[in-house]
Each structure stands twice: as structure tokens, then as C-alpha cells.
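The values are calculated or read from the model by the stated rules, or taken from the named source; none is laboratory data. Here the structure is a predicted model, which is why all the values come from computation and not from measurement. Cβ placement follows ideal geometry from the backbone for every residue including glycine, while neighbour counts extend to all protein chains displayed. Please note that ligands, DNA and RNA were not included when accessible areas were found on the heavy atoms of the full protein model with its side chains. Shrake-Rupley method; radii C 1.70, N 1.55, O 1.52, S 1.80 Å.
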Amino acid sequence: MMVRAAFAAVVALGAATTYAAPAAYPTIPLSISGTLKYTTNSGDTMNVPIKTLSYNTQSLINLLNASPDATNVLHFVTGKTQIPAGSHFLWNPDYEELIITNKNGFSFDLYGSYTNGGTTYYYDFGYLDIDDEGLIGTYDLAAKTLAGTEKDMTGIYFYFYDGSMNNNEIDIYGKATLTWTYGAAKGGSQKATLSVTMSGNGNDDCYVNDFEAIPGTFSASGSGSGTVSTGMVPFYWEW
Amino acid sequence: MRPKFVLALILVTALVLGAAVYFQQRLAPLPPEAPSESAALPAPAAHPDLAAAANATRRFKPAPVAVPAAVVAANPMNAEQVQAYIEDETSRLQDWSTQNDPASLAAILSDLTNSEKSVRLAAIEAAKQFGSGDAIPALKASVGSTADTEEQIALLEAADFLSLPTIADADVQVPKTPDQIQAAQQRRGQQAARRQAQTQFRAQYQNTQPAPAPDPQAVPNN
């Protein structure tokens, strides 16, 4: 997990969110999908088949909406009792948290805290880390304009937990490719377009309805643009 | 002026104009990547009343979409314009994928034949996100329209993906037996302790993690 604190600025992402977020790398809509394999065989019964199921952004949101724990936190943080239809994930390569948002201003960070009765409670329904220290990259920027392209590859760790008694949890290792396109610098900043593709099947700890599960596939993708300071280009950094 | 002269003048003018239009069409350069038909499709309005309930499987036939004739730009798009078009269309696909109406699915499926590969791949992902088995025939049919192996695999995987039950389906999230509940409670206690430790670690890490100041003069090692 990384936070480039030097680039960071405190961004309020809801009253309950209390930690720093970066200022300018593009925050992009991220579509998440995958498959899991599991069996409902809790004992040593023969011929219980291994089942395969899928998940996408909507089904993960459905799990949270069906979870009393998650909706309880959601209510404290956003005032809503359900994640609205039409919501999707937002993700930032620096911030690394997963935020569920929609066009009407709804915003719910899957990781954060809230205060109730003078006590601060932390919650964690998910995040998507990239391994910045294991990042490899290549880039090509024009000497005068700093316009150009960059391609980085790194490891990822995806975590999702619905907080329910049913216990649905996805912990997956994988890899990501970050493709950057930079516009010409102007006044110390430049346009940055980020396109991300992620894949993975490295199992850490997965459960479906409280049954052990193994990841089949995992993919996440998205793209978006923002304006970054020229000092932030390239994203690639040798730590 | 004599009527004959006027008629002759009109005829000559029409011929000149016709010839000009003909040669302009013949000689005009084609755009490097013509924008797809779907570029002209308006984003469908949200239908909150059709919002998917938890565990609901979306099933409906995509409505036919009026696909306008391919738009041939008068001037070819430069690389920047192509990039902007891809971004816009990808953004529209993202929007459609979060909707729950036939028009959105039809718009997604129409982009399976977009002239830009990155848009086609985004359309495949959007179909997966939309989550309707009604997209399967179109996904399978599109396999034959591309020679790109990566794309063919993505199309078939998406079709398989949509044929599976989802993690939120009611027949997956079935109630437990008392024994299962007891075993689960034991394990959950251990998991809760681990999660609490992880959460505290992340909170502590994010609040205290030092990072080097960005040095614009620094030359990255790659």
C-alpha cells in the first residue's frame, strides 16, 4: 500500500472519512468482475460438486445492501440505508481506496471510520492496493512539451468483505497495467489520462456464504483523465 | 434575357456544381478510424424505477436500436480527437453498464462492433457489468466478426461469465444449519481479530507514512 504523502492533500470524501488523499492523479471509474469456485460440502460427503459463480460491481453492491452490518455503517456515514441503484466504484492509483459513488453525489468509501456517541469506529469493506514498491515502468516524454506516454506494471491486492453473518469475502492477489497518456505541459501542469487493466487469481482468503472459495478469475478496468502537476510525471518512481 | 439562354445557364451551373460535389466526395481523405454508429447514440436516461433489487437477475430482450448510417467525417480525426472519442464512448459505456433498461443494453451491444478496439473491449466489460444473460447471443455472435484472438477470448469469457449465478443470488446465499452457524461463529471470531488488526495497521500506516518529496530533477531509474 502506498501513499505519496508529498503529493497528498486532505480531501473530504464524506464526513466520516478522516485520512489524506492525493490531489491530482486521475480518479477513475473502475469496473470489477470475477469468478469464484466453492463447494457447500462442509464435511466429507462424496460427490458434492464444485460450483462456480460470478461477481461484478452490482453484485458486490447487492451484497453490501443485503448486509445489516454494512447498511448500518452506510447509514452512519452517508445517511442512506441502501447504496443507490446506478452506483459504481471509483479508484485512484495513489489513494487506493474503493469509493462507491453515483451521479447524484452519493459517496461511500469502503474503508473509513465514523463517530457515534463519542467513539470512533473503523470499518473496512474493501480496497484495492497496488504495489508501488514493486512497480516497473517505461515512459517517453517530449523534451519540450513533456507530452508523451507511460506504461507501468505492478502487483495488486483486492479485498472485499460484506460484513454480513453470511460472510462473503474476496481476497485476491494479481497484477495491474497502468497506461498513461500525457498532454503538453502548460503552466506547470498537464493533462493525464489513465487507463487501467487488472487481473488476478492469487488466493488469500475467499468465502462465499461462509464456504471456502477459490478465485477463478478477477478483472478490473477503467479509464479517466485529470490534470497533474508536471512534477508528478511520470507516475513511475523508483523507490 | 432569353429563356433559352437562362435555361442553358442553369444547366451549366448545375453540371458544374454536381461535378464539384462528386470529385469532393471521391477525393476527400477518409478518417483513420471512422467514429462508430454508436457515437451518435444519446445516453439513455436513468430508470431508477427499474433498479435491480438485490439478488435479482436481469432478464429482458434488448430493444432494437435505431442505428444511424456510419458517420463519415468531413475531415479525418487526428490522434487527439480519436483519443477524446474513445474516452467519451468509454465513459458512456460506463454509464450504460450501471443502468437497468433494454436501451442501455442495446447501446452496449452496439459497441461490440465499434471500429476502435479499446471501445469494443470496454463494451465487453460493460456487458459483464450490466449483468444480463440477454447479452450472451450478441457476445457469441461477435466472436466471428473479429480476428483478434484476445478479443475473441474476452467475448467468450464474457458469455460464460453471464451464464453463471452471481454471488448475490438467493440460491447462493442460502440459510445455514445450526452446526454450520456454530462453526462459522468460531471462525468468524478469528477473522474479526485479523481484520481489526489489518484495519488498525492501515489507519496507522496512512496517517504516519512518510514519503520522499517529489524532485522534478530526479531521473527515474528505468
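The criterion of at least 1 residues that are in contact (Cβ under 8 Å) with a residue 60 or more places away in the chain and not hydrophobic (A, V, I, L, M, F, W, C) is met by the following strands (runs of 3 or more DSSP E) wholly inside region A:41-103: A:51-56. Considering region A:115-133, the residues that are within 11 Å of chain B (Cβ to nearest Cβ) and not in a strand (DSSP E or B) include one that is surrounded by the fewest Cβ atoms within 10 Å (Cβ to Cβ), namely A:D132. Would you confirm, using the coordinates I've provided, whether A:P26 is modelled with pLDDT under 95 and over 17 Å from the mean Cα position of the chain (by Cα)? Considered against the rule, which asks whether it is modelled with pLDDT under 95 and over 17 Å from the mean Cα position of the chain (by Cα), A:P26 comes out as no. Could you tell me whether A:L64 is of a type in the set (A, V, I, L, M, F, W, C), closer than 20 Å to A:L36 by Cβ, in contact with a helix residue (DSSP H, G or I) (Cβ under 6 Å, 6 or more places away or on another chain) and buried (at least 21 other Cβ atoms within 10 Å of the Cβ)? Spelling it out, A:L64 is indeed of a type in the set (A, V, I, L, M, F, W, C), closer than 20 Å to A:L36 by Cβ, in contact with a helix residue (DSSP H, G or I) (Cβ under 6 Å, 6 or more places away or on another chain) and buried (at least 21 other Cβ atoms within 10 Å of the Cβ).
Results for (1) among the hydrophobic types (A, V, I, L, M, F, W, C); (2) surrounded by fewer than 23 Cβ atoms within 10 Å (Cβ to Cβ), shown as yes or no for each residue.
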{"residue": "B:Y85", "(1), (2)": "no, yes"}
{"residue": "B:W96", "(1), (2)": "yes, no"}
{"residue": "B:P102", "(1), (2)": "no, yes"}
{"residue": "B:T113", "(1), (2)": "no, yes"}
{"residue": "B:E125", "(1), (2)": "no, no"}
{"residue": "B:I136", "(1), (2)": "yes, yes"}
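Scanning region A:134-152 for residues that are buried (at least 16 other Cβ atoms within 10 Å of the Cβ) and either outside any loop (DSSP other than H, G, I, E, B) or free of Cβ contacts under 8 Å to residues at least 12 places away in the same chain (or both) yields a count of 7. Among the residues of this structure, A:L90 counts as one that is closer than 25 Å to B:A123 by Cα, modelled with pLDDT of 95 or more, open to solvent by 30 Å² or more (accessible area, probe 1.4 Å) and more than 9 Å from chain B (Cβ to nearest Cβ). Residues in region A:96-114: is at least one open to solvent by less than 10 Å² (accessible area, probe 1.4 Å), modelled with pLDDT under 95 and in contact with a Pro (Cβ under 9 Å, 6 or more places away or on another chain)? So far as region A:96-114 goes, no, none of its residues is open to solvent by less than 10 Å² (accessible area, probe 1.4 Å), modelled with pLDDT under 95 and in contact with a Pro (Cβ under 9 Å, 6 or more places away or on another chain). Got at least one residue in region B:108-124 being touching a strand residue (DSSP E or B) at 6+ places or on another chain (Cβ under 7 Å), in contact (Cβ under 8 Å) with a residue 12 or more places away in the chain and at the interface with chain A (Cβ under 8 Å from one of its Cβ atoms)? Scanning region B:108-124 turns up no residue that is touching a strand residue (DSSP E or B) at 6+ places or on another chain (Cβ under 7 Å), in contact (Cβ under 8 Å) with a residue 12 or more places away in the chain and at the interface with chain A (Cβ under 8 Å from one of its Cβ atoms). Just so you know, in region A:153-184 the residues that are hydrophobic (A, V, I, L, M, F, W, C) and open to solvent by 40 Å² or more (accessible area, probe 1.4 Å) include one that is farthest from the chain's Cα centre (by Cα), and it is A:A184.
For region A:200-221, the criterion of a residue being at the interface with chain B (Cβ under 9 Å from one of its Cβ atoms), open to solvent by 10 Å² or more (accessible area, probe 1.4 Å), touching a residue at least 24 places away in the same chain (Cβ under 8 Å) and in contact with a Pro (Cβ under 9 Å, 6 or more places away or on another chain) is satisfied by no position.
Taken over region B:158-174, the criterion of being within 7 Å of chain A (Cβ to nearest Cβ) and of a type in the set (A, V, I, L, M, F, W, C) is satisfied by B:F161, B:L164, B:I167, B:A168, B:V172, B:V174. Please tell me if A:T35 is farther than 23 Å from A:V228 by Cα, assigned to a loop (DSSP other than H, G, I, E, B) and open to solvent by 10 Å² or more (accessible area, probe 1.4 Å). So A:T35 does not fit the description; no.
In summary, B:A193 fulfils each of the numbered conditions (1) within 12 Å of chain A (Cβ to nearest Cβ); (2) among the aliphatic types (A, V, I, L, M); (3) part of a helix (DSSP H, G or I); (4) surrounded by fewer than 14 Cβ atoms within 10 Å (Cβ to Cβ) with the single exception of condition (1).
Count of region A:222-239 residues, restricted to those that are in a strand (DSSP E or B) and either in contact with a Pro (Cβ under 7 Å, 6 or more places away or on another chain) or more than 8 Å from chain B (Cβ to nearest Cβ) (or both), is 7.
Is region B:149-164 home to any residue that is more than 30 Å from A:D210 (Cα to Cα), open to solvent by less than 50 Å² (accessible area, probe 1.4 Å) and of a type in the set (D, E, K, R)? Yes, the conditions are met somewhere in region B:149-164.
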